[in-house]
1. What translational diffusion coefficient, in µm²/s and rounded to a whole number, does the Stokes-Einstein relation yield for region 120-362 at 10 °C and a viscosity of 1.306 mPa s, taking the hydrodynamic radius as the Kirkwood radius over Cα pairs?
2. What is the fewest-to-most order of 342, 35, 288 by other Cβ atoms lying within 10 Å of their Cβ?
3. For the pair residue 198/residue 40, report the inter-label distance in nm, with labels modelled 7 Å from Cα in the Cβ direction.
4. Based only on other Cβ atoms within 10 Å, what is the fewest-to-most ordering of 45, 170, 287?
5. Quick one: order 307, 297, 36 by neighbouring beta-carbon count within 10 Å, fewest to most.
6. Using a Förster distance of 22 Å, how high is the FRET efficiency between residue 314 and residue 359, based on the Cβ-Cβ distance and rounded to 0.05?
7. Using a/c under 1.5 as the rounded threshold, could you call region 215-319 rounded, prolate or oblate? The axes a ≥ b ≥ c are square roots of the C-alpha gyration tensor eigenvalues, and prolate needs a/b larger than b/c, oblate otherwise.
8. Quick one: Cα convex hull volume of region 279-354, Å³ per residue?
Ligand SMILES: [Zn+2]
Ligand SMILES: [Zn+2]
């Protein structure tokens with residue numbers, strides 16, 4: 001990604017008759033058109049201008065680059081065009097190429113995180129969607145490697161802190177938070193964990209893994225809900241891009257978290273996550289259309305937690321029709337559906353298990 005920032009003085013070019021214009025161009029990729037943003041100021045407002053420049057940079061960084069997608073003409077699944085190299089037009093994914101050549105891929109073997117072989121406890125604090133369908137809480141899943149001191153919170157929807165307390169846990173039990181994207185039902189509960197740290201006088205660090213723009217989004221949300229609140233403990237926000245990965249804290253038993261692009265919003269980042277911890281591999285979809293990348297990443301995984309928002313197709317989400325149709329290509333050892341709308345919850349035979357609030361399992 002590259003940026004160009006220009007500060008135009010009075011009378012220059014088309015500064016619009018105002019004293020100073022700050023203009024930002026951001027190129028997410030070298031071969032794409034830039035996005036543009038600009039603001040106007042009175043001359044001499046250096047502090048305001050500096051703040052504006054940093055705000056423009058933040059916005060440019062947070063909004064871009066969104067992955068370019070390409071659809072396989074054989075299986076209709078969506079892939080990241082850059083990762084796939086998009087060698088053939090019309091595009092055919094590698095899975096379909098292998099199938100045509102009679103060499104189906106084997107599931108990945110031997111993936112592991114730290115504390116190999118211990119297993120992972122999975123607790124669904126919130127298995128529901130943004131609308132509270134069926135009375136289910138919004139997205140939050142607590143993971144703990146068996147025997148580890150602390151756990152990982154996968155998304156932090158509103159109400160997650162109350163659910164933690166209801167499960168006999170609290171914010172002190174979490175050493176890492178992994179966020180799929182910045183819709184309220186997936187991260188709106190985080191300030192309450194930060195607030196509760198005042199009560200417990202937390203000193204232990206918290207590592208937050210997030211899509212680009214995470215530090216700014218989280219600080220803005222906290223300031224909105226509790227103006228002036230500052231975490232009194234070391235909080236580290238790691239903003240990752242697909243292809244990067246981050247280690248999970250030792251307190252969680254170690255392991256790694258790897259983001260990959262989800263197909264949820266056209267111009268903003270949303271991630272699915274592959275977590276390798278306790279000798280297990282867990283894949284979480286976040287909110288997304290069903291993608292070929294998701295099937296690749298979850299191949300051989302011990303657990304795939306996938307969203308299923310409706311019965312029939314809806315943009316940026318996965319329908320029950322679609323995930324059932326993809327069943328022969330899903331190679332995770334176990335699948336649990338979350339983010340289910342009312343219609344999905346009422347299906348007499350959902351084919352896959354639907355996770356419910358309070359559900360607890362060990363993989
Ligand atoms: Zn959602
Ligand atoms: Zn969403």
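1. For these conditions, the coefficient is 90 µm²/s.
2. Taking fewest neighbouring Cβ atoms as first place, the list is 342, 35, 288.
3. Label at residue 198, label at residue 40, 4.2 nm between them.
4. With the fewest neighbours first, 45, 170, 287 line up as 45, 170, 287.
5. Going from sparsest to densest Cβ surroundings: 36, 297, 307.
6. Values: r = 25 Å, r/R0 = 1.12.
The value I calculate is 0.35.
7. Oblate shape, in that a/c is at least 1.5 and b/c is the bigger or equal ratio.
8. Residue-normalised Cα hull volume stands at 78 Å³.
Every number here is computed from the coordinates shown, using simple stated rules; none is lab data. If you're wondering where the values come from, they're calculated on a predicted model, not measured in any experiment. Neighbour counts are summed over all protein chains in view; Cβ atoms, including those assigned to glycine, are modelled from backbone coordinates with ideal geometry.
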